[in-house]
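Notes to accompany the following structure.
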Amino acid sequence: MLPRIRQLLNHRLTITVALTDTGNLNTFRVRTAWLVCAAVFALSGWLGMVLAGDLAGARITATLTGNTEVKYYLDMIAELRSQRDAEREQMRTIAQQLGVLQARLDRFDALGNKLKAEGTIIDVSGTIDYEAEEGIPDEGGRGGPIELPPMSTIPSMEDVRLQVTSLTEEADFAEIALETSLAMAIRSSLGAGGGGGIPYLWPVITDTYRLSSPFGWRSDPFRKTRKWHGGMDFADKIGSPIIAAADGTVVFVGWRMGYGNLVEIKHENGFTTRYGHLTRGTVEEGDRVNAGDLVALMGSTGRSTGSHLHFEVRKDGNALNPIAFIKDTRDQVLQEARAGRGKELLAEYKRQNKTARK
């Protein structure tokens, strides 16, 4: 038997190919063994695709055999697989969003504890007896079977995604409100009056500015994704005057990643203020400045889409909502700007620079 098989595999087949355009005949001699190997390879590849769940190979087979019913079911399977993959991706995205929400809830707890310590929020947990309020006696008995909701009430994947998006937006507002409350509590604890070494003065002394971006969550101007913004943005023309928000010492003047040209001033009680995206600073490191002194000129350096000031208030390195500190002086600075105070500061700065060059 084996000699016969060996003889067949060693047998050579003659294949003649006629070319229609020239009429030439080309003859090839191929061993039977090579043809058997090619057939086995093709068959094993097809079986591998089918066994591995590759619908493409099975669909080709159904097409070649003309089995339309099999093709119909294979198309259904392919569509279901596509839907499954899409739902898996949605689940992955939702899981990430839920993880972020959980982290933010933990942050809310920490902020709430800080506010309680400041006396801004009163802890009322455990002080309300809901059953007593409703007139229902507490007999200690509660229970009931676990029932699955009817199919009509089970939310779809899209419903879950919309709910997570809605919860994320609500969390945005809640986080900003808590951050602002914390900043206001810190400001109140330092005394009702403004002035001195605690940030209190509106930093832009023009009457043409606009608030282009608030403190908190926003759509990033470059990546168009939700990002935390740790300061306030004031937009106005390049070269607009920027003043110190409080008495302090200049600790940094120069370029910093993201901020562009930056001036940083150290104040009392662990406070610092930052003035970013400047055309230039008008002060030097080590300078002692008073609230209302000119410290910089507005620009669009660093990670910026246009001329504006990025203003931050920090305490012990943590960014706080600046509006809680400077809101009470906005009208005052605006009146000074309309009276020409900002122009006077710019004129004095130019005069001093001209004198220094001489």
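Out of Leu278, Leu294, which single residue is touching an Asp or Glu at 6+ places or on another chain (Cβ under 8 Å) and buried (at least 18 other Cβ atoms within 10 Å of the Cβ)? Don't jump to the end; show me each part of the working.
Working: Leu278 fails: touching an Asp or Glu at 6+ places or on another chain (Cβ under 8 Å).
None of the other options fit; the residue is Leu294.
Quick check: anything in region 297-309 in a loop (DSSP other than H, G, I, E, B), within 23 Å of Asp207 (Cβ to Cβ) and of a type outside the set (S, T, N, Q)?
Yes, because at least one residue in region 297-309 is in a loop (DSSP other than H, G, I, E, B), within 23 Å of Asp207 (Cβ to Cβ) and of a type outside the set (S, T, N, Q).
Identify, from the list Lys327, Lys350, Lys343, Lys354, the residue that is in a helix (DSSP H, G or I), within 31 Å of the chain's Cα centre (by Cα) and surrounded by fewer than 19 Cβ atoms within 10 Å (Cβ to Cβ). Write out each step before concluding.
Working: Lys350 fails: within 31 Å of the chain's Cα centre (by Cα); Lys343 fails: within 31 Å of the chain's Cα centre (by Cα); Lys354 fails: within 31 Å of the chain's Cα centre (by Cα).
Unique residue meeting the criteria: Lys327.
Could you figure out which of (1) surrounded by 14 or more Cβ atoms within 10 Å (Cβ to Cβ); (2) within 20 Å of Phe215 (Cβ to Cβ) isn't true of Val289?
All conditions are met except number (2).
Looking at (1) part of a strand (DSSP E or B); (2) in contact with an Asp or Glu (Cβ under 7 Å, 6 or more places away or on another chain); (3) crowded, with 20+ Cβ neighbours inside 10 Å, can you tell me which one Val313 breaks?
(2)
Filter region 200-213 for residues that are part of a loop (DSSP other than H, G, I, E, B) and touching a Gly at 6+ places or on another chain (Cβ under 9 Å) and give the result. Spell out the reasoning first.
We begin by selecting, within region 200-213, every residue part of a loop (DSSP other than H, G, I, E, B); these are 200-203, 205-209.
Scanning region 200-213 gives Tyr200, Leu201, Ile205, Thr206, Asp207.
Kindly indicate whether Ser212 is surrounded by fewer than 23 Cβ atoms within 10 Å (Cβ to Cβ), without any contact (Cβ under 8 Å) to a residue 40 or more places away in the chain and of a type outside the set (A, V, I, L, M, F, W, C).
Numbers: surrounded by fewer than 23 Cβ atoms within 10 Å (Cβ to Cβ): yes; without any contact (Cβ under 8 Å) to a residue 40 or more places away in the chain: no; of a type outside the set (A, V, I, L, M, F, W, C): yes.
No, not satisfied.
Only the coordinates and a few stated rules stand behind these numbers; no lab work does. Treat the numbers as computed from the prediction; the structure is a model and nothing was measured. Please note: Cβ atoms are built from the backbone with ideal geometry, for glycine as well, and neighbour counts cover all protein chains shown.
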